[in-house]
Structures are given as C-alpha cells and as structure tokens.
Amino acid sequence: MTKIIQKAEQISPLQKARSEYEPKLPASLKQGINNLKIMEGETTSAAGDAEEIKNMFSNLFGAKIVTFEPGTEAAAEKTINVGVILSGGQAPGGHNVIAGLYDAIKETNTENRLLGFLGGPAGIIDGQYREIEGDYIDQFRNTGGFDIIGSGRTKLESEEQFEKTLQTCKNLEVSAIVIIGGDDSNTNAAMLAEFFRKKGENIQVIGVPKTIDGDLKNEQIEISFGFDTATKVYSELIGNIQRDANSAKKYWHFIKLMGRSASHIALECALKTQPNITLVSEEVKAKNMSLARIIDYMADIIARRAENGKNFGIVLIPEGLVEFIPEMKELISNLNDQLAECENKEEYSSMHGWDTKIAYIKGLLKSENSNLFNLLPKSIQIQLLLDRDPHGNVQVSKIETEKLLTEMLEVKLSEMKKNNEYKGKFSTQTHFFGYEGRCAAPSNFDADYCYSLGYNAFALVRFGLSGYISSVRNLTKPAQDWIAGGIPLTSMMNMEKRHGKQKPVIKKALVEIDGAPFEKFSKNRETWAMEDCYVYPGPIQYFGPSQVADVTTETLKLERA
C-alpha cells in the first residue's frame, strides 16, 4: 500500500472555521443508512439510441429510478470495503463527497473500510491506494481540491483495464466502487458495472456527478457539483474587473471562461454580473453565425458605447466558442484529419519552424478552410496546430480566443474609423479564468450538496444497486427538503462518434436557447450592453443569513422556478 505523508501546515483562520462546519443532509438521510427504505419509480430507457445502448448494456439497461425515504431500522450488513476514485479535473466539493461517503460507511458498520485509490482510475488499475480513516478525512472536510487522494484522466474502458481492476478488488476484498467524475468518467463507470455483471462478479459501481462546466445534468441530476462554487469565484473576479473598468474607463476587458462543450459558466456569470457582451456558443451554432458576423455584432456595441463616451466594457467568452462557429468547426475538423495523417509522415515531422509547417498544412486543406486559416492571426494558427487531446481533438483551452477576437476587432474598428463609422478608442486587456475556480473552498451549497451526494452514494451501495449515479434534487429548497436517490447511468447515455467510431457516452447538457436562463439573459442583454448595469457579487459568503450564505446559482433558480 502506498502511503501519503501529510505535512503539518499552518491553516488559515477561515479554513479552521470551515473545518467546524457541519454539512446539512436531506431529511430522508438524517436518520442514517440503516433507517431507510427504497422507493422504485419509473423504468428508464436512454437519452438516445436506446436499442444500441440496450444491446451494449444488457445487464443494466431499463433499471428504475429510485428514491430514499425514512423507514424501519435495518440490521447492519456484513463488513464491506468500498473503494473511491476521483476522476478528471478538480471541482470544489470533492473532499466532501468522500467525507459523506466515509461517514455513511462508518455509521452503518464501524468495521467497514474506505479505500481511496491514488491518482485517479490508474490507482485502481495498478492497485495503488490508501485507507481513509477518521483523522485523515477530518483534515479535508469543507476544503477545495482533490489532494486527499489525487485525481487523474486515465480512462477505465478497455478489457485489460477492467480485468486489472477486478483483480485489485479481489486482492483488497472491495465489493463496491464509487467513481466521482464527469460525463466520460461516469460513462466508464457504467461500462465497468456492466463488465462486472457479465462476469458474475458481485462488485457494485456507483457514480457521482462532478464538473464545474455544468454540462452533466438532467431532470434527476439538477446540477453537477462544483459549478456553484466555480461560478461564484469567477463572478467575484469579473465583478472586480467591472469595478476597475468603470473606474478607469479606458479598457475593454475580454474574459475567457472555462466550458469547452457548453456555455453554462459564461451564461451563469453573465446573469450574476451583467457585463456588456456575452457570447454563448450554443446561440452561435443555432444561428449559424460566422466569425465575421460575431465581430460585426461586437463592433457595433463597441461603436455605440463610444458614441456615448464609453470606451470601455466587459466581454465574456466561453472557452469552446471556436468549435461552435460553423466555419471554424469545419476548419478544425479538416485540420484534425490532416494532422492525423501527418503524424506518420516524415516530411512533416522533420519540418522546423512554424512558418514552414503553416505553409505546408495550408496546402493540404480544402480551399474554403485554407482561406479562413490564412485570415487568422499567426498565433492562432500555431495554437490550432498544437498537439491534440486524447480524443484527437484540438485543445481549445490553448486557443486564445479572447486574443483572436481582439485582433480581429482592431482590424474591423480601423476600417469603421476610415468610414467615419467609429470615433472611439479601443484599448484591451485579456484574461482567462479557469484554474482559479477549480479548487476553491466549496460554497455552503456545494459543501452540503457534495456531502449529501457521498452519503447517498453509500445508500445506493447498501441497497445492492450498481450502474447508478447518486442523485440529490429539489435543490432550490432548503437542504432538509432535498430528495435523495439514484438513476441508472444508462438512462443518460446515447451514441456519439469518437475516434471515428460510434461509442456509448453520457449525453452532454448544453445551454438551451429556449430555456429560462438564456431567455432572461436575452431579454436584458441590450440594456446591459449600453448601460453600465454591472453587479459586483463579491467573495463567497460562508457565514451569515441563509439568503446570503446558502444561495445557489441563477441558472438553477431559473430552471427550477
């Protein structure tokens, strides 16, 4: 067993106070795991491609939604060992998921053990773990980060990995695994659960919904944990910049925010802070907006504000914007294909200097893609040619979309100035807020929600379920009114093309442009564009009245109104 030595550290007064915070649980879970009864709901299907999902998950498909209610006391089961894995990028509240899981395990039977696999899924494949005990878990309650056991992006998806995982479980007598992760991680959890069922192995797999991007949700999973805290952190920073902009009155600030596949973060931060311009990727795609049209839209607002003597403003940009612009998406797809072929060509790999590589690639692209590529600033051309991610896709976080837009706006505004269509000054500052929010100390909402998700995950284990994801809903109400239960992972899945092959994946939840959050934004954005309606949220409040300290996201309140 690998040991982690925890160094004695000075902790801040806030962290010390937070260590004493006791997360709230839904009323149904307060009496303990041994005092629950399970209620079955409707039989589920899949988010899409039901027949294919059914064929691939014949042992899991069609299971029922479940909820928990207080019931008669049940006798404690035999002693069991539970393994827990943190998978993928960090999100505030992960430590509280593990704390809730630990407390539920020990309250049920003090002889139960919780084993944390180190460094993500690789830990269970390689058998690297540490036992999580009371003194150790107490150091991490209500703190940010995933440093309790570390995380990783190794995928649990191949037969060989499943076999190694099975062997680890047998070696350690682990009979349940809780995987804390996003859509890909929970897809892998479903595949692992199906593998165990096919093998006739009595090892349960339960997922927990994590991602600050907010794109892992549905009717039963109202929000993924970490989204609340991360958007509050970003909104504080945006509010600070807005206050600065309104004070200095000389810069346009372009702020890129995390969110590759969905614009939930950008939209939530816009609702919280009311900036002058917010781009929403899903709207760009739905309206088939070209890059030129986006620039025209932004230049118009900049010019109209300049007429009012306002040569400053705030722009929010989702990280994945470039992939939602139809012409850019086509260019990126063409680049992905050509670069995949170039990997095996000595001619390309032996080239030195970006000018040579850029010229070579331009010659391979379709004419319309080559023309667009030629219009892009060299810095963006280079970023589009950088190494791909594990899925073979461009790494959008490395594309400085905020700088692409400022450079193209400078050209556009210069043209407008020549035509007497613009008489202002355009000075810019660019920012990217990403890592700043991933390991923040969780808000009260996330501290409560995550603790409940972890506690609830063991309730699912206790009732013998597998292939489920922990679900706690009714989240706009006080915590005591939250509804605890679980839904089958297969009910969230459809088929998508990955690496040229159709694969089962949990369907991402994108911003709905006919949904209540976007409708509120759309209704107000013209006013926000021209008037200075900035809201300064300030830092997360951990203490004080509930309407200040326990308030959740604008998105969730609007969606569940």
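General remarks:
- Proximal charge balance of ILE399 [Cβ under 11 Å; K/R count +1, D/E count -1]: 0
- With contacts taken as Cα pairs under 8 Å at a separation of at least 6 residues, region 39-165 carries a relative contact order of 26 percent.
- When +1 charges are put on Lys and Arg Cβ atoms and -1 charges on Asp and Glu Cβ atoms, the dipole computed for region 111-254 relative to its Cα centre reaches about 460 debye.
- Each of ALA484, GLY120, THR229 was scored by the projection of its Cα onto the charge dipole of the chain, and the greatest displacement toward the positive side belongs to THR229; charges sit on the C-beta of Lys, Arg, Asp and Glu.
- Set LYS256/LYS285; LYS256/LYS398; LYS329/LYS378; LYS155/LYS366; LYS24/LYS557 screened for pairs whose C-alpha atoms are more than 22 Å apart: LYS155/LYS366
- Within the chain, DSSP assigns beta bridges of which about 40% are antiparallel (rounded to the nearest 5).
- Of all beta bridges that DSSP places with both ends in region 12-124, some 60 percent have antiparallel geometry.
- Computed over neighbours whose Cβ is under 13 Å from that of TRP354, the net charge equals +2, Lys and Arg +1, Asp and Glu -1.
- Rounded to the nearest 20 debye, the dipole magnitude of region 216-349 is 920 debye, with +1 charges on Lys and Arg beta carbons, -1 on Asp and Glu beta carbons, and the Cα centre as origin.
- Over all other residues within a Cβ to Cβ distance under 12 Å of SER491, the charged ones net out to +1, with Lys and Arg as +1 and Asp and Glu as -1.
- The charge dipole of region 363-462, taken about the Cα centre with unit charges on the Cβ atoms of Lys, Arg (+1) and Asp, Glu (-1), comes to about 260 debye, rounded to the nearest 20.
- Sequence-separation-based contact order of the chain, relative, with Cα cut under 8 Å and 6+ spacing, percent: 24 percent
Any read-out appearing in this document is the output of simple, stated calculations on the displayed coordinates, not a laboratory observation. The model shown is predicted, which means the values in this text are computed figures rather than measured ones. Counting neighbours? That spans all protein chains shown, and the Cβs are built from the backbone with ideal geometry, glycine included.
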